[in-house]
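Undergrad: Submitted below is the structure of interest, expressed as structure tokens.
The values are calculated or read from the model by the stated rules, or taken from the named source; none is laboratory data. Values in this document were obtained by computation on a predicted structure and should not be read as measured data. Positions of Cβ are generated from backbone atoms using ideal geometry, with glycine treated the same way; all protein chains shown enter the neighbour counts. Please note that ligands, DNA and RNA were not included when accessible areas were found on the heavy atoms of the full protein model with its side chains. Shrake-Rupley method; radii C 1.70, N 1.55, O 1.52, S 1.80 Å.
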Amino acid sequence: MKIRISQFIDFAYGDKRKDKAKARSIIDDFNLPYDPIKDRYKQFREAMTALEEQKITDKQFLDLHSSVSANKSAGYKVLCQNYLDLKEDHALIWQGRSPIEANISGLNITTAWYLRTEENNQRRIIFLHFGKEQLPRKKERGFLTVLRLAKPDSAGVGILNIQAGTLITATRLDQSEADYLHERAAKFMELAKAIQAGG
């Protein structure tokens, strides 16, 4: 069974009293078609890719906020400027969308990374977080742990919080967090099986 990293993190660190309802909601989402209207950052990701593939200029990228809806404009303005500044500040290298999966207790958790750092021929993969607020610390640890489990051969992993303007990195696997995520993944699988069996 596959679920997105954001779905798993919400389940893993959510109210355990609502586990069954959350699991059911995630399973119900499996049958829903992708709706680009609900994808708030779709235009930013497309523009970011176009910029990196040299299909648009820095100025066109920075002007993206003027061509999106009013409720996105302010956030997009910050996203575009911060993306360019953070890439330079942290010497980040464009990788292109690179899908990865972590298998945790039989549950496949999917995500992707776009950037990397390169030092002494050691690669650290960087996940992009587009939201206005930085992730809560416990969810941040969860994201980093899932990324580490998905790419154990990397020199480290990181989360670039673009709007918040921060880069959070981890070199070693947090074993206690990994153990917790294995427990939560096993719980999700147990609930999912019962739900799919009509429970």
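Undergrad: At q = 0.08, 0.11, 0.15, 0.18 Å⁻¹, what is the base-10 log of I(q)/I(0) for the chain according to the Debye formula with one equal point scatterer per Cα and no solvent? Please give it to two decimals.
TA: Summing over Cα pairs of the chain leads to -0.30, -0.56, -0.99, -1.29.
Undergrad: Given a Förster radius of 45 Å and the C-beta distance between Ala155 and Ala197 as r, what FRET efficiency does 1/(1 + (r/R0)^6) yield to the nearest 0.05?
TA: Details: r = 43 Å, r/R0 = 0.95.
That pair, Ala155 with Ala197, gives E of 0.60.
Undergrad: Between 0 and 90 degrees, rounded to the nearest ten: what's the tilt of helix 175-196 against the longest Cα principal axis of the chain?
TA: 60 degrees
Undergrad: Let me ask you something else. For the stretch 137-199, calculate the relative contact order in percent as a whole number, restricting contacts to Cα pairs under 8 Å that are 6 or more residues apart.
TA: 27 percent
Undergrad: If you don't mind, there's one more thing I want to ask. Let me have the relative contact order for the stretch 74-115, percent, based on Cα pairs under 8 Å that are six or more residues apart. Could the numbers behind the result be given before it?
TA: Values: 34 pairs, mean separation 13.5, N = 42.
Dividing the mean separation by the residue count of the stretch 74-115 yields 32 percent.
Undergrad: Quick one: if the Förster radius is 22 Å, what FRET efficiency do Ala186 and Asn31 give, using the C-beta to C-beta distance and rounding to 0.05?
TA: Working: r = 24 Å, r/R0 = 1.08.
For R0 = 22 Å, the calculated efficiency reads 0.40.
Undergrad: Then there is this: Tell me the angle of helix 70-89 to the major Cα principal axis of the chain, expressed in degrees between 0 and 90 and rounded to the nearest ten.
TA: Orientation of helix 70-89: about 80 degrees from the principal axis.
Undergrad: Still on this structure, I have one more. Separation of the stretch 129-199 and the stretch 79-98 by C-alpha centroid, Å?
TA: Spelled out, the Cα-based centre of one part sits 21 Å from the other.
Undergrad: Could you tell me what percent of the DSSP beta bridges with both partners in the chain are antiparallel, to the nearest 5? Show your work: numbers first, answer last.
TA: On the way: 19 of 28 bridges.
Bridges in the chain that DSSP calls antiparallel: roughly 70 percent.
Undergrad: May I pose another question? Is the shape of the stretch 83-189 rounded, prolate or oblate, going by the alpha carbon gyration tensor and its root eigenvalues a ≥ b ≥ c, with a/c under 1.5 for rounded and a/b larger than b/c for prolate? Provide the component values of the computation, followed by the final result.
TA: Working: a/c = 1.97, a/b = 1.54, b/c = 1.28.
It is prolate, given that a/c is not under 1.5 and a/b is the larger ratio.
Undergrad: Please report the relative contact order for the chain, taking Cα pairs under 8 Å with a sequence separation of at least 6, and give it as a percent rounded to a whole number. Display every interim value, and only then the final one.
TA: Numbers: 261 pairs, mean separation 43.3, N = 199.
22 percent.
Undergrad: Which of the peptides 178-190, 44-56 is most tightly packed, and how do the rest follow, going by the mean number of other Cβ atoms within 10 Å of each residue? Kindly include the intermediate steps, with their values, before the conclusion.
TA: Numbers: 178-190: 17.8, 44-56: 16.2.
Highest to lowest by the protection proxy: 178-190, 44-56.
Undergrad: Give me the net charge for the shell around Lys42: Cβ to Cβ below 11 angstrom, other residues only, Lys and Arg +1, Asp and Glu -1. List each step's numbers first, then the result.
TA: Details: positive: Lys38, Arg40, Arg45, Lys72; negative: Asp35, Asp39, Glu46.
Net of charged neighbours comes to +1.
Undergrad: Sort 160-170, 71-81 by packing, meaning the average of other beta carbons within 10 Å per residue, with the highest value first. Don't skip to the end; give the middle numbers.
TA: On the way: 160-170: 18.5, 71-81: 16.7.
Ranked by mean Cβ neighbours within 10 Å, highest first: 160-170, 71-81.
Undergrad: Taking only DSSP H segments of four or more residues, each worth -39500 (n - 2.57), what value at 222 nm results for the chain once the sum is divided by all its residues, to the nearest 500 deg cm²/dmol? Walk me through the numbers before you get to the answer.
TA: Details: 7 runs with 91 residues, N = 199.
Theoretical 222 nm ellipticity from helices: -14500 deg cm²/dmol.
Undergrad: Distance in nm between label sites at Tyr13 and Val68, each 7 Å beyond Cα in the beta-carbon direction?
TA: That separation, rounded to one decimal, is 2.3 nm.
Undergrad: Where Lys and Arg each count +1 and Asp and Glu each count -1, what net charge lies around Lys20 among other residues with Cβ under 13 Å from its Cβ?
TA: Working: positive: Lys16, Arg17, Lys18, Lys22, Arg24, Lys187, Lys193; negative: Asp15, Asp19, Asp28, Glu190.
Net of charged neighbours comes to +3.
Undergrad: On full extension of the chain, what length is gained from Leu84 through Ser98, given 0.36 nm per residue of separation minus the C-alpha to C-alpha distance? Don't skip to the answer; put the middle values down first.
TA: Working: separation 14, 0.36 × 14 = 5.04 nm, distance 1.99 nm.
Result: 3.0 nm gained on full extension.
Undergrad: Would you mind counting up the charge near Lys187? Only other residues with Cβ under 12 Å from its Cβ, with Lys and Arg at +1 and Asp and Glu at -1. Don't jump to the answer; show the numbers that get you there.
TA: Values: positive: Lys16, Lys20, Lys22, Arg184, Lys193; negative: Asp19, Glu183, Glu190.
Residues close to Lys187 contribute a combined charge of +2.
Undergrad: Determine, from the Cβ-Cβ distance of Met1 and Glu119 and an R0 of 25 Å, the FRET efficiency 1/(1 + (r/R0)^6), rounded to the nearest 0.05.
TA: Numbers: r = 36 Å, r/R0 = 1.46.
Once the sixth-power term is evaluated, E becomes 0.10.
Undergrad: In whole percent, how big is the carbon plus sulfur part of the accessible area of the chain, probe 1.4 Å, protein atoms only?
TA: On the way: 5210 of 10900 Å².
The value for the chain is 48 percent carbon and sulfur by accessible area.
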